[in-house]
Amino acid sequence: MRRMSRNRAKIAALNLTSLMDVFTILVFFLLVNSASTEVLETPKQLTLPASVVEEKPRETVVIFVSSTEVTVQGERVALVADILAADGQNVTAIGERLSQVSDTILGLSTRSVANSREVTILADKSVPFNVIKKVMSTCTSRGFERISLAVIQKASETAQG
Amino acid sequence: MTTYLNLMVVLVPFLLITAVFSRITIVELSLPSSAGGADLVEPTFRVEVIVREDVLELGDGKTVIASMPKVDDEYDLQSLSKHVLALKRQNPDSHGASVLLESQIEYDHLIQVMDAVRSTSLPGEKEGEMTSVALFPDISIGDAP
């Protein structure tokens with residue numbers, strides 16, 4: 001009987017210091033984690049392919065290629081089906097929007113984006129290469145010659161022989 | 001102490017929700033510019049991987065060295081990286097490679113093949129440790145002939 005009451009007393013005086021320690025470390029870890037600002041936002045409607053590269057994205061002109069449509073700097077410009085059907089290597093709508101981006105500079109962030117002459121393409125896994133190729137050749141023809149492809153980082157496969 | 005604890009209890013879930021765990025990285029391409037004239041260099045050794053509908057072909061710019069048919073509807077990336085590694089051992093100074101795709105190949109396969117050509121993981125010095133080895137990191141892409 002005496003032992004039971006002793007146990008109960010132990011539980012009642014729960015030591016919170018260790019819990020606070022854990023929380024403090026967690027908070028600092030998460031704060032540092034969230035402090036590294038994301039340059040690119042992951043769009044919900046497209047799944048990027050995974051790769052082992054470790055290069056960080058930079059501030060560039062961003063082109064989204066989802067399975068149905070193409071978006072340049074946040075503005076929808078063309079449909080994937082139209083690009084597939086079109087002849088020739090360049091997509092006029094994308095090219096016009098790219099020129100528009102580099103001509104109309106509003107604010108400092110846009111200026112750095114347009115002056116970088118760089119394009120990051122975020123494309124859905126299932127997009128045929130034909131579409132990607134046309135988008136890329138349009139970019140190079142409008143003077144955006146450094147092209148990067150965005151991917152989701154995956155851990156390098158250590159199990160592979 | 002309780003106020004501090006309250007603060008922590010609120011902060012931890014908030015930061016956990018906003019934390020981003022899938023990181024986006026980028027693959028840089030070395031593309032020839034369309035305005036930049038003829039890029040006429042002497043025909044040197046250059047790794048070429050041709051991705052076709054049902055087969056991967058590995059060439060050195062002149063001839064096809066190996067062709068790897070699909071296994072279970074998947075490209076045989078493991079034997080591709082073995083062949084590429086053998087090529088790298090023969091030509092340690094070469095860095096450029098071309099990935100050539102047929103037009104209907106999905107974008108995902110492009111990235112996977114580029115990964116296989118860019119680097120591979122080899123057993124390290126210690127037991128069970130893998131080190132990543134760069135093979136041909138300068139990749140350009142184009143149409144399959």
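Some observations on this one:
- Entry remark, the range A:125-135: residues being facing chain B (nearest Cβ under 7 Å) and crowded, with 21+ Cβ neighbours inside 10 Å number 3 in total.
- Residues in the range B:81-98 that are at the interface with chain A (Cβ under 10 Å from one of its Cβ atoms) and not basic (Lys, Arg): B:Ser81 only.
- In the range B:30-72, the residues that are in a loop (DSSP other than H, G, I, E, B) and at pLDDT 80 or above: B:Arg52, B:Glu53, B:Asp54, B:Lys70, B:Asp72
- Residue count, the range B:100-132 (criterion: more than 12 Å from the chain's Cα centre (by Cα) and aliphatic (A, V, I, L, M)): 5
- Considering residues of the range A:44-63 that are within 12 Å of chain B (Cβ to nearest Cβ) and not in a loop (DSSP other than H, G, I, E, B) only, the residue nearest to A:Gly95 (Cα to Cα): A:Val62
- Subset of the range B:80-108 [in contact (Cβ under 8 Å) with a residue 12 or more places away in the chain and farther than 18 Å from A:Asn130 by Cα]: B:Leu80, B:Ser81, B:His83, B:Val84, B:Leu85, B:Leu87, B:Lys88, B:Asn91, B:Ser94, B:His95, B:Gly96, B:Ala97
The values are calculated or read from the model by the stated rules, or taken from the named source; none is laboratory data. Just so we're clear, the structure is a prediction, and the values are computed from it rather than from any experiment. Here the Cβ is made from the backbone with ideal geometry for all residues, glycine too, and neighbour counts use every protein chain on show.
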